[in-house]
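The values are calculated or read from the model by the stated rules, or taken from the named source; none is laboratory data. Keep in mind the model is a prediction, meaning the values are calculated, not measured. All Cβ positions, even for glycine, are placed from backbone atoms using ideal geometry, and neighbour counts span all protein chains on display. The protein model used for the area step is the full one, side chains on, heavy atoms only, and it has no ligands, DNA or RNA in it. Shrake-Rupley method; radii C 1.70, N 1.55, O 1.52, S 1.80 Å.
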Amino acid sequence: MTYFSFVRAEFLVLWRRKQDVLNALLFFVIVVVLFPIGIDSSSEFLTPAASGIIWCATVLAVLMAVDSLFKEDYRDGSLEQLVVCGLSLPLLILLKVIAQWLAVILPLLVIMPLLGEMLYLSSASLWALMVTLLVGSPSLFFMGVIGAALTVSIKQGAILVMLLILPFYLPVIIFSTLAVKAAQAGLPYSGFLAMLLAMSLLSLVLSPFMTAIAVKASVN
Amino acid sequence: MHSFASLTVSDLWIERAERDLCKGLSFSVQSGDVVRILGENGAGKSSLLKVIVGILSPLQGQIVYSGEDVTVDRRFLQQDVIYLGHSSGIKPQLTVIENLRWYCPDASPSALHEVLESLELIDHIDVPVKKLSAGQARRVALSRLWLGKKTLWLLDEPFASLDVRGVELLEACIRQHASVGGLVLLTTHQDLPSLSTRDVALLS
Amino acid sequence: MRWVWFHKLASPKWFYSWSNFWALPVFCFGCLCLAIGLVWGLAFAPEDYQQGNSFRIIYIHVPVAMLAQSCYLALGVASFVFLVWQMKMAPIFIKAMAPIGAVMALIALVSGAIWGKPTWGTWWVWDARLTSVLVLFFLYMGIIALQSALDDLVLANKAAAVISVVGLINLPIIKYSVVLLETLHQGPTFTLTKKPEMPPEMWLPLLCAVIGLYSFVAGLVLWRMQSEILMREHRSSWVKQEVMENGL
Amino acid sequence: MAFDSLSAFLMMGKHGVYVWSAYGFSALALIWLVWNTLSTRQKTRNILRKRFVRSQTR
């Protein structure tokens with residue numbers, strides 16, 4: 001096994017399981033649609049709430065996607081092989097998360113203008129929202145993957161992952177929605193983006209090592 | 001093919017789920033050895049292999065591979081090992097050839113073709129593994145032995161779910177590997193008359 | 001030689017007998033201090049000119065909220081020690097500490113909410129401190145749930161340690177973010193921090209209660225760790241001797 | 001003493017309900033914690049003692 005062949009296999013598996021990505025996307029859209037129907041469909045409510053709605057839906061969709069990241073590998077034994085293959089486990093995990101991030105976030109960004117239209121977002125704040133997604137979502141993946149690795153040996157681990165990881169998502173949601181609100185008010189929002197970027201980078205550095213510890217403890 | 005290699009395990013203590021599996025186990029394996037690990041169910045045969053490959057950590061003891069102490073950092077050993085556990089590590093969504101390209105990216109197309117031919121998998125080369133039978137999936141996992149040029153083989157019940165023909169092929173493969181200086185550690189309840197094995201017994 | 005006590009602390013047997021000696025006095029000292037602090041605060045401290053007598057909740061609320069945070073800090077440090085040096089006592093400490101921290105956070109939340117009603121006119125305000133204690137409570141519950149969901153002891157130890165360390169790194173960020181959120185929103189009309197300075201007859205009982213609760217929790221932790229040590233080391237001969245010969 | 005009488009102490013001005021309910025809840029929770037700790041301690045010993053006795057008689 002080499003890093004290159006690992007990445008190739010990862011993308012092949014993702015491609016074979018494109019239905020899962022599609023499901024996550026549909027789940028995301030349905031959660032977003034619940035808000036106008038369930039609370040208020042007027043633009044007075046939706047415009048200020050849009051960024052919060054989209055971010056909460058994103059967080060849930062990401063957690064669903066991340067939770068299944070190691071499940072298959074654990075069951076078919078390839079997680080064990082990653083541990084013993086002699087390559088650096090944190091680096092393999094990093095590559096795996098990046099592949100998953102591309103597969104989930106890129107489609108999300110593509111449908112974002114559509115959702116922005118549905119929630120009456122102006123194009124300027126839509127841009128801000130997309131940038132926060134691009135900059136902030138890596139930290140969602142990197143933190144979520146720790147929880148996924150810890151609970152991979154539990155059959156019904158999804159709820160536990162939510163309980164463990166959702167508190168850590170709070171700052172990301174707060175910074176992003178504040179950024180979009182600042183954009184809606186015509187204020188500069190680069191400070192919030194910097195915070196998001198810092199969180200993503202910090203989790204990028206730390207999470208692979210934590211996840212590697214968790215994976216090693218889980219495969220025994 | 002291989003330079004001289006050896007694996008020495010000394011005073012190994014393994015504990016799992018509050019049970020002592022090994023108490024001060026010591027043995028040594030050299031190039032050309034085929035070692036069968038014997039023991040009752042639950043005696044810790046699989047755990048021993050997992051400890052050697054680095055999935056589990058021993059309570060205490062020392063593991064030396066080819067002169068290098070790998071007790072703490074198993075990296076040196078892992079670069080030269082093929083480990084096959086209970087679940088084979090083959091991804092069911094990928095086809096036979098994709099799985100092999102993943103594990104053995106250096107194998108030449110002709111070598112791949114030859115191995116798949118001899119394992120009677122050549123007709124299923126582009127079939128996702130989840131559509132194959134258990135025995136066929138096992139053969140896919142075992143084909144790594146032919147393709148990956150590694151010295152140390154740690155095989156956990158390699159003969160499980162193989163038919164007579166498969167067992168013959170695998171035995172031949174192990175014999176060939178030992179004759180060129182490879183090391184094989186395996187757990188099995190099967191007698192292997194065609195292989196000259198040494199036994200390491202785990203007492204429970 | 002100076003590190004001898006530290007290495008001894010890492011040995012369950014030594015720790016057991018050490019804690020056997022200290023747990024009861026520490027616990028009793030804690031109870032006494034807490035009782036003095038609370039009676040002093042409830043009956044003798046002067047009334048607050050702004051909030052009236054409702055401010056007396058401070059004598060339980062503040063110590064408990066401090067403990068909720070300190071427990072997590074201790075938990076995080078112990079987890080870090082475990083992940084780096086594999087110290088055997090660390091997971092025992094985590095197992096013993098997490099439920100105590102959760103109870104502390106819960107008391108802080110409830111007493112804070114009850115205090116909020118007469119002060120702010122509502123049970124709950126999205127105040128930065130309340131929110132971060134709520135998050136703290138979730139973190140504790142996550143650790144407890146994770147530990148009970150994992151059967152394998154080795155995995156449960158590692159898992160609790162990993163999630164505690166991640167929480168320790170994240171807590172300052174969470175705290176910063178909720179403070180930021182609050183300062184950008186309309187704040188509550190009354191805040192608990194507005195008052196310039198407390199007179200000593202108000203903060204002395206508070207100090208007494210804080211010290212008492214710390215000591216109280218230390219005693220509890222030692223006892224809980226003792227149970228956990230006995231359970232984990234039940235195969236060693238000293239545990240057998242201890243259990244069979246010294247009854248409670 | 002900051003209060004004139006026992007009833008004034010219990011009333012706490014107009015905030016008696018809040019103060020005493022906060023303290024009541026805290027006391028309950030702390031007592032539960034102590035009870036839980038001590039009973040776990042006792043239970044652990046009992047379980048282990050039974051186990052040791054059983055292994056001795058066998």
Over segment C:22-36, the set of residues more than 12 Å from chain D (Cβ to nearest Cβ), closer than 11 Å to C:A209 by Cβ and surrounded by fewer than 20 Cβ atoms within 10 Å (Cβ to Cβ) is C:I36
In segment A:145-196, anything over 21 Å from A:S51 (Cα atoms), more than 9 Å from every other protein chain (Cβ to nearest Cβ) and among the small types (G, A, S) is listed as A:A148, A:A158
Over segment A:174-215, the set of residues closer than 30 Å to B:V51 by Cβ and surrounded by fewer than 19 Cβ atoms within 10 Å (Cβ to Cβ) is A:L206, A:F209
Within segment B:87-107, residues assigned to a loop (DSSP other than H, G, I, E, B), farther than 16 Å from A:C85 by Cα and at the interface with another protein chain (Cβ under 7 Å from one of its Cβ atoms) come out as B:P92, B:Q93, B:L94
Counted residues in segment C:201-248 being open to solvent by less than 70 Å² (accessible area, probe 1.4 Å), farther than 30 Å from C:I60 by Cβ and charged (D, E, K, R) come to 4
The condition from (1) modelled with pLDDT of 90 or more; (2) farther than 30 Å from C:M231 by Cα; (3) hydroxyl-bearing (S, T, Y) that C:Y140 misses is numbered (2)
If we ask which residues in segment A:74-95 are open to solvent by less than 10 Å² (accessible area, probe 1.4 Å), without any contact (Cβ under 8 Å) to a residue 12 or more places away in the chain and in a helix (DSSP H, G or I), their number turns out to be 2
Checked B:A111, B:A137, B:A160, B:A107 against criteria (surrounded by 13 or more Cβ atoms within 10 Å (Cβ to Cβ), modelled with pLDDT under 85, among the aliphatic types (A, V, I, L, M) and within 25 Å of A:T2 (Cα to Cα)); the one match is B:A107
*Does A:P171 satisfy the condition of being crowded, with 21+ Cβ neighbours inside 10 Å and within 25 Å of C:L134 (Cβ to Cβ)?*
yes
In segment B:39-58, anything hydrophobic (A, V, I, L, M, F, W, C) and at pLDDT 85 or above is listed as B:L48, B:L49, B:V51, B:I52, B:V53, B:I55, B:L56
When restricted to A:F70, A:F11, the only residue at pLDDT 90 or above and surrounded by fewer than 17 Cβ atoms within 10 Å (Cβ to Cβ) is A:F11
Restricted to segment D:10-23 and to residues being assigned to a helix (DSSP H, G or I) and open to solvent by less than 30 Å² (accessible area, probe 1.4 Å), the residue modelled with the lowest pLDDT is D:G16
When every residue in segment C:138-155 that is more than 9 Å from every other protein chain (Cβ to nearest Cβ) and in contact (Cβ under 8 Å) with a residue 40 or more places away in the chain is compared, the one nearest to the chain's Cα centre (by Cα) is C:Y140
Flag for B:S57 being assigned to a loop (DSSP other than H, G, I, E, B), closer than 30 Å to B:V127 by Cα and either touching a Pro at 6+ places or on another chain (Cβ under 7 Å) or open to solvent by 20 Å² or more (accessible area, probe 1.4 Å) (or both) = no
Across segment C:37-47, the tally of residues that are free of Cβ contacts under 8 Å to residues at least 60 places away in the same chain, more than 7 Å from chain D (Cβ to nearest Cβ) and either of a type in the set (F, W, Y) or open to solvent by less than 20 Å² (accessible area, probe 1.4 Å) (or both) stands at 1
By residue number, the members of segment B:64-85 that are more than 7 Å from chain A (Cβ to nearest Cβ), of a type outside the set (D, E, K, R) and surrounded by fewer than 21 Cβ atoms within 10 Å (Cβ to Cβ) are B:V64, B:S66, B:G67, B:V70, B:T71, B:V72, B:F76
If you go through A:V110, A:V131, the only one that is touching a residue at least 24 places away in the same chain (Cβ under 8 Å), open to solvent by 10 Å² or more (accessible area, probe 1.4 Å) and more than 14 Å from A:S68 (Cα to Cα) is A:V131
Out of (1) under 15 Å from the mean Cα position of the chain (by Cα); (2) small (G, A, S); (3) over 18 Å from C:E182 (Cβ atoms), the one C:S111 does not meet is (1)
Would you mind stating whether B:L170 is more than 13 Å from every other protein chain (Cβ to nearest Cβ), closer than 22 Å to B:V51 by Cβ, modelled with pLDDT of 85 or more and crowded, with 19+ Cβ neighbours inside 10 Å? no
Any chance segment A:4-23 includes a residue that's of a type in the set (D, E) and away from every other protein chain (no Cβ under 14 Å)? no
